[in-house]
Every structure is written in C-alpha cells, then in structure tokens.
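S.K.: Sharing a structure below in structure tokens format, with a few things to ask.
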Protein chains: 2
Amino acid sequence: MGTIYDLAKITGFSITTVSKALNNYSDVSEKTKAKIVQAAADMGYLPNAHAQSLSTKRSWTIGVMFSEANEVGMMHPFFNAIIESFRKATEQQGYDLIFASRNLRNRDMSYLEHFQHRAVDGIVVICSDQMDKHVQQLIQSSIPIVVVDMDSTDCSVVFSDNLSGGTLAVNHLYELGHRLIAHIAGDMTIDAGLARIEGYKQAMDRLALPIPDGYLINGGFFSVEEGKQAMQTLLALPKRPTAVFVAGDQMAIGAMEAIHEAGLRVPQDISVVGYDDIEMSKYVTPKLTTVRQDTEQIGQHAANLLIEQIVNKRRVMTTDIIPVDLIVRQSTGPVTP
Amino acid sequence: MGTIYDLAKITGFSITTVSKALNNYSDVSEKTKAKIVQAAADMGYLPNAHAQSLSTKRSWTIGVMFSEANEVGMMHPFFNAIIESFRKATEQQGYDLIFASRNLRNRDMSYLEHFQHRAVDGIVVICSDQMDKHVQQLIQSSIPIVVVDMDSTDCSVVFSDNLSGGTLAVNHLYELGHRLIAHIAGDMTIDAGLARIEGYKQAMDRLALPIPDGYLINGGFFSVEEGKQAMQTLLALPKRPTAVFVAGDQMAIGAMEAIHEAGLRVPQDISVVGYDDIEMSKYVTPKLTTVRQDTEQIGQHAANLLIEQIVNKRRVMTTDIIPVDLIVRQSTGPVTP
DNA sequence: AAATTTATCGAAAGCGCTTTCGGTGAAATG
DNA sequence: CATTTCACCGAAAGCGCTTTCGATAAATTT
C-alpha cells in the first residue's frame, strides 16, 4: 500500500508535491502530476482515511442511529428500505455509513458522544420517538442532522404524508360502503402514528361518521402480535366494525390473523387496509390493501437534506413531506349487508 | 469537546500524562489520574477516533460487504437478521460497522481498496457468491475476514448445515407419505443452494425415491417471483409432485402463490416446505413449514471468529457449521390418495 | 538589460493521539 | 551515609496527510 512518503521517495518529489498532485492542485505541472499518479497506481497507493480526516476535519462518514425503544433494530422492513435507499444516495456522494451504538469499548456513552468520537460529518436518525433523550441530544447538537419519520421544527425532517394516508384509507373504505370503520393505531408517542390517527379522525368527521367507543384502539409498536391483540379486542366489541384501518402492515397482518382465527373472512366479513406496503403485503392471503409509503423517496430526500447541510456547513430545518399512495389489493371489499 | 492539549493545560500536566491517565497506564499516580479524569468529564472530552486510529493502527471498525449480484442489499430478511446479530455481537466488543461500497468520491474502486482506505480492522462478507471477484480479492488479502453463507477453505466461514436441512425437509415429507417430492433449488452458483440440493438428493436416494425428470428445478436467486415461476413449471409437469421442498422461504411463498393460482390447495393438494424461517413465514397462509436457520447463532459465531483473528493478529480458517431445525407448520400435510 | 510575473516546487507546521525512553525526587536498602 | 530501587512524570518522535507560505527559476514585460 504505502504512504505519500514512499511516493515521494520513488518519484523524487516532496510529499507536498505528491499530495498536491494526488489532489489535483493547480500548482503542479502536468508532467510531474502524471509521474506521481502513475507511481501511485503502480504501488496500489490508497490514502489513509484517518489521516485525511484528522487533517481536513472531514471524515466522509455519516452516523446512523436507530432507536432502541422498539427493539426492531434494522430488521423492520420499512426502516430497512429507507436505510437502503439512503445508503445508495449517500454512497454516490462518497459517504460511508457507520452504525454506532451506545457502547464503546466498555464505556457507556450517548449516541452523540459516540458520533463525536467518530467525528462523523452528519447524522441520520431513523425509527425513533420524539421523546427519546438521545434523539433530542442529537438534535440539540451542532452536527448536521436529518431525522426520518418524525416531526420536529428543530431540525430537518422527512416523513410521509400520514394525514393524507389516514384519509385515503378511510375514504376508500367509505366508498366500498363501510360505515363502521375502526382504527388500530400506533402508539401515541410516535409522530407517524399520531398523524394517521388524525387523518382517520378528520376523514371520519368529514364523512359525518361517528367513531364509536373502542373503535380507536392503540396497537402499540407496530408488531404483528400487537396488531393481532388489538383486533381481538375489536372483535369483542358489541358492535363489531365492518372495516378496519391499521396503522402498519405488520399490525394489519396480525389483525387479519385474528380475524381468521375468529372464523371470519377478509374481506367478506371485515375489510382491512394496512400502512407501509412492505414487501410481504402482496404475498399474504388475502393480499393486503395498504397505504404505500415511498421509502425510495424518503431515503433520497433525507440524504440530500443531510448532504446539503454538510457541504454548506450550516444547519437547515426543512420539513419534507412525501406523498403516499393507496394500493388496493384484496383485503378490502364492498360491505356485505 | 477539546483535546488532550486542553486537558493538559487545564490540569497542568503534560499531554503524555493526560493520555496515560486516560488510558489507565500504571505509571501515573491515582491522584493525578483522578484529577485528569475529572477534568475530562467536566469538559466532555472525547478522544478523536481518527487520531487514535492513526496512532495505534487500530480503527475499531469492521467493514461489511454485501454482494451486489442479487440486488437485495440489506433488504433480504435472512441476511438482514444475520447482520443485526453480528452487529450486536461486535458492538459489544467496541467495534462499529461501516458499510462500504465500490465508489469513493467519484473514484471507482474495489471493495478491498475501499476497506484499505478506511483501514478497517476486519471484514465480514455477507450474501455473496463464490465467484465474485471482489470476494476473492478480499479473501486473498491479509485483512482478517469472515464470510457468511459460503463455503471456502481459504478463510473462516460460517454457514448453516444445509445438507442436513435438505434431508430434514425431505424426510419430513416422506413421513407424511409423500413420494413425489420436487425441489425448487437456488442458483447453482450459491453454495448454500448447492448444499441443499445435495441434501435433497442424498435423502431421496436414501429413501430409494427416484427423482423424476424436471423435479429438480432452478429457482434462481431466491425471490418470490422466481419461486412462483419455478412452481408453475413444476405444475405443468405430466406427473405433478405432491410435495415440494423449496430452498428459500421467499421462493416458497411464491410457490404457494402459484399453487393457489392454479386452483390447488396447500397442503391438501401439494405440501410445501421452505427454508430460512423468515419472520413472515408464520404469517402467510397457510403458515409455512420450513427449515429454520439460526441467524442469531450465525451472526454471533461470525463475530467471534472475526474478532478472534483481529485480536490475535493472525488469520485463521475455521469452518463453522450451524445446525438447523425443521419447523412444522401448516403448509405440509399427509399425502391425499 | 532590468524589473516583474508566472509556473512550479518544498519546508514546516499542524491535525490529535500514543508510546518509548530518559529524568527526577523519594523511599528502600546496604 | 551512600547506593539502589521505585513511583511518577514529560520531551520528543511518530502515525499519514493537508495547507500555508515562501523560494526559485523561467518567462514575460518594460
């Protein structure tokens, strides 16, 4: 591999000139530049990123933080898809992602500390809840940051148009003739869940549909199991809904399971529409009607928002709302009399 | 944040002593160590990782490589689960993961070059095929490495006992009375797929079951779509199988879809057993019988194997085979006469 | 021919940290 | 009391790179 010192020795130039040649400075002649570049190629020279970072105070790394609240890590298909898209976008610009945790060689430390230690150029936080102390700390810091799927005016954020999403779902069900529409919501601590609730409420209100007691139920943290439980509660209601809008696909899948286990059919007895459009949605039985979040866009926008802050060396607080689509499949159907 | 120079100024000691105090050297008195540590805490001092790496030639980072062959990236639930488990294990030891790609600030470079540039302490490669030039290059290099889900004698590897897996599946079907057992295989370039084929063949042989023409079919790169297509081919066979062992859950889900679309039922008409036990397996209809791979173990073992090489500064070539389990659910049933 | 630009290069300092090695004064030993 | 040991500390070099600033020689201008 070798260093610029080796290169200097070989070519007979100073390390200064070598460095300049490698970095395309204008005050080095084409001829010597060619020589040096050639020598570098010959010996398979690669600059040491740490030395570069130390010297330039730019590490070309982006720290990514997952909340540990809901123990999903990077396993959740939705967040996972976002990260993948984010990664592609940032990679193209030359950034590497580093996944940091709260522990560093036995020392317990905050995410911020970890990121400071690693001297990342920027931070992306995925899958978090507003209240998380660590997230707040990150937002308060001076490191460029973008947070996904959360609402805040203190930093750049990008999330889906969850309000419209809720409305889309309810309207779809309404058009199919449903009037008894329940909502299995995400936990209230999650902005996205909250907005979907709001969308649901607004839509119901606009359609002049009452929300019976118990029709708005907390499904927790979007897991299949919690969705199933919530649905069971719903099924036990005196006046059972004919349709249910579920704030996440995994929960929706759980809900469908509960329905099936109760001896009912989807969509003949109960229609269900999910949220996210994770890959599996189109493979469960029946195929899930759902509100699609554009993970591709979300990831890209987040990347752009972050990189812009990094290169311009100033924090900006943009709120980027990505539109959603309703994907109609087979878990919703006309209400049966 | 500050540096050790600041700390030196504040406490009145030299940077040498500061550094030693922070690193628990024995030749600094308890009293001054206490002072320095206190001052460090007060100012929120954090060591700069790049400076440390530069000086110690240890970066406490591990590079992870995904093959780009089958465009799944980190989206595939199986590899994803492995990485997650790997991450937890390495984090605990103080390592951060860095996801590198083949491009670095416009320059096109190999994975090896990228990792050398970043000066990672070790490399884990996930989701690859034997033939990949980049993987080979990594294996040839002198950086500690472990590769997952691939067989090789040139480096440490960890993968599931795919041979037993294939056998397990076939025997299970046999016990249910099936004699016409087909296999939707993964592409032959993938070691794991190859081993499962071998397991299938051996089991069939041991049971004295012939493998009719067309019963062993290539399902490509484990996608739902490819599984579906393979199953359609199988269904078009003159003598249709009563059971099929599929080399991956996603393919199996596709296969079930094909079966359903053909107006047949699982398992009454055709039994199917998958491979992997991805999370969705227990939520599709019918719930998928499958060979479970222990992603938790795989990730941990990979982490241990890698870290051992890093700390002992010598490459070792261990082959670590992780046992698999058959998870019987509802996609398999007794053959119907 | 003298004065001024211009092109090309290198010395040196600095980024923040580790580590070797030598130097103190105090305590222990004879 | 002289000598050896020990505990504690710091100077300095080094890790590999960037960047400022000055130096030199060649080219240009007057």
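S.K.: Would you mind telling me which residue in B:26, B:156, B:281 has the biggest mean-square fluctuation in a Gaussian network model of chain B, where springs connect alpha carbons within a distance under 10 angstrom?
M.R.: B:26
S.K.: Could you compute the FRET efficiency for residue B:265 and residue B:233, with r as their C-beta to C-beta distance and R0 at 22 Å, rounded to 0.05?
M.R.: The computed FRET efficiency comes out at 0.70.
S.K.: Tell me the angle of helix A:77-92 to the major Cα principal axis of chain A, expressed in degrees between 0 and 90 and rounded to the nearest ten.
M.R.: Roughly 30 degrees, rounded to the nearest 10.
S.K.: Right, something else. Which of the listed residues, A:323, A:12, B:337, is farthest toward the dipole's positive end in the protein assembly as shown, when Lys, Arg count +1 and Asp, Glu count -1 at the beta-carbon?
M.R.: Farthest towards the positive end: A:12.
S.K.: For residue A:9, which lysines qualify as cross-link partners when the Cα separation must be under 24 Å and same-chain residues fewer than eight apart are set aside?
M.R.: List returned: A:20, A:31, A:33, A:35, B:57.
S.K.: Considering Cα pairs under 8 angstrom that are at least six residues apart, work out the relative contact order of chain B and quote it in whole percent.
M.R.: On the way: 658 pairs, mean separation 58.0, N = 337.
Worked out over chain B, it gives 17 percent.
S.K.: I'd like to know which of B:222, B:180, B:162 lies farthest towards the positive end of the charge dipole of the range B:149-273, counting +1 on Cβ of Lys and Arg and -1 on Cβ of Asp and Glu.
M.R.: B:180
S.K.: Now for a different question. Would you calculate the separation in nanometres between label points at residue A:55 and residue B:108, each defined as 7 Å from the Cα along the Cα-to-beta-carbon direction?
M.R.: 2.8
S.K.: Additional query: Please list, in chain and number order, the residues 5+ apart from residue B:222 or on another chain whose amide H is under 5 Å from its amide H, with Hs placed from the backbone.
M.R.: B:187
S.K.: Could you report the accessible area of residue B:66 in Å², rounded to 10, computed with a 1.4 Å probe on the protein chains as they sit in the structure?
M.R.: Rounded to the nearest 10, the figure is 20 Å².
S.K.: Additional query: Which value, in Å² rounded to 10, gives the accessible area of residue A:175 with a 1.4 Å probe and all protein chains present?
M.R.: Rounded to the nearest 10, that gives 150 Å².
S.K.: Okay, next question. Given a 1.4 Å probe and the protein chains all in place, what does the accessible area of residue A:331 round to, in Å² to the nearest 10?
M.R.: It works out to around 0 Å².
S.K.: On to the next question. Sort B:207, B:163, B:7 from largest to smallest accessible area, using a 1.4 Å probe on the heavy atoms of the protein chains.
M.R.: Heavy-atom accessible area, descending, gives B:163, B:207, B:7.
S.K.: I would also like to ask the following. With +1 assigned to the C-beta of every Lys and Arg and -1 to the C-beta of every Asp and Glu, and no other charges, what is the dipole magnitude of the protein assembly as shown about the Cα centre in debye, to the nearest 20?
M.R.: About 1460 debye.
S.K.: For the range A:1-105, what's the relative contact order in percent, using C-alpha pairs closer than 8 Å and at least 6 residues apart?
M.R.: 23
S.K.: How far is helix B:191-206 tilted, in degrees, relative to the longest principal axis of the Cα atoms in chain B, given as a value from 0 to 90 rounded to the nearest 10?
M.R.: Taking Cα atoms only, the helix is inclined about 40 degrees.
S.K.: Return the equivalent ellipsoid semi-axes of the range B:4-47 as a descending list in whole Å, where each equals the square root of 5 times an eigenvalue of the C-alpha gyration tensor.
M.R.: 14, 10, 9
S.K.: If you place +1 on the Cβ of every Lys and Arg and -1 on the Cβ of every Asp and Glu, how big does the dipole about the Cα centre of chain A come out, in debye to the nearest 20?
M.R.: Values: 29 positive and 38 negative charges, 176 e Å.
So the dipole magnitude of chain A works out to roughly 840 debye.
S.K.: Also, quick follow-up: Could you give me the ³J(HN,Hα) list for the range B:2-11, computed from phi with Karplus coefficients 6.51, -1.76, 1.60 and θ = phi - 60°, whole Hz, x at Gly and Pro?
M.R.: x, 10, 5, 5, 4, 4, 5, 4, 4, 7
S.K.: Let me ask something else. Accessible area, 1.4 Å probe, largest first: how do B:275, A:45, A:5 sort?
M.R.: The residues order as A:5, A:45, B:275, largest area first.
S.K.: With +1 assigned to the C-beta of every Lys and Arg and -1 to the C-beta of every Asp and Glu, and no other charges, what is the dipole magnitude of the range B:4-47 about the Cα centre in debye, to the nearest 20?
M.R.: I would put it at about 60 debye.
S.K.: Next up: Run through every distinct alpha carbon pair of the range B:209-337 and return the Kirkwood hydrodynamic radius in angstroms, one decimal place.
M.R.: 16.1
S.K.: Still on this model: Would you work out what percent of the accessible area of the range A:248-337, with all protein chains in place, is carbon or sulfur (probe 1.4 Å)?
M.R.: Numbers: 1800 of 3590 Å².
The nonpolar share, carbon plus sulfur, comes to 50 percent.
S.K.: Sort A:160, B:164 by heavy-atom solvent-accessible area, probe 1.4 angstrom, most to least.
M.R.: Values: A:160 0, B:164 45 Å².
If we order A:160, B:164 from most to least accessible, we get B:164, A:160.
S.K.: Helix B:30-43 versus the longest principal axis of chain B: what angle, 0 to 90°, nearest 10, using Cα atoms?
M.R.: Helix B:30-43 sits at roughly 70 degrees to that axis.
S.K.: Any idea what the relative contact order of the range B:188-309 is, in percent, if you count C-alpha pairs under 8 Å spaced at least 6 apart?
M.R.: 18 percent.
S.K.: Give the residue from A:80, A:48, A:66 lying farthest towards the positive end of the charge dipole for the range A:11-104; charges sit on Cβ (+1 for Lys and Arg, -1 for Asp and Glu) and the dipole is referred to the Cα centre.
M.R.: A:48
S.K.: Apply the Debye scattering formula to chain A, with a single equal point scatterer on each alpha-carbon and no solvent, then give log10 I(q)/I(0) at q = 0.06, 0.13 Å⁻¹.
M.R.: -0.31, -0.93
S.K.: Among the lysines, which have Cα under 18 Å from the Cα of residue B:287 when same-chain residues fewer than 8 positions away are ignored?
M.R.: In chain and number order, the partners are A:228, A:282, A:287, B:228.
S.K.: While we're looking at this one, here's another question. Could you tell me what fraction of 2.2 N^0.38 Å the Cα radius of gyration of the protein assembly as shown comes to, as a two-decimal ratio?
M.R.: 1.07
The values are calculated or read from the model by the stated rules, or taken from the named source; none is laboratory data. A quick note: this is a predicted structure, and the numbers were derived from the prediction, not measured. Counting neighbours? That spans all protein chains shown, and the Cβs are built from the backbone with ideal geometry, glycine included. These area figures cover heavy atoms from the full protein model, side chains too; ligands, DNA and RNA do not enter into them. Shrake-Rupley method; radii C 1.70, N 1.55, O 1.52, S 1.80 Å.
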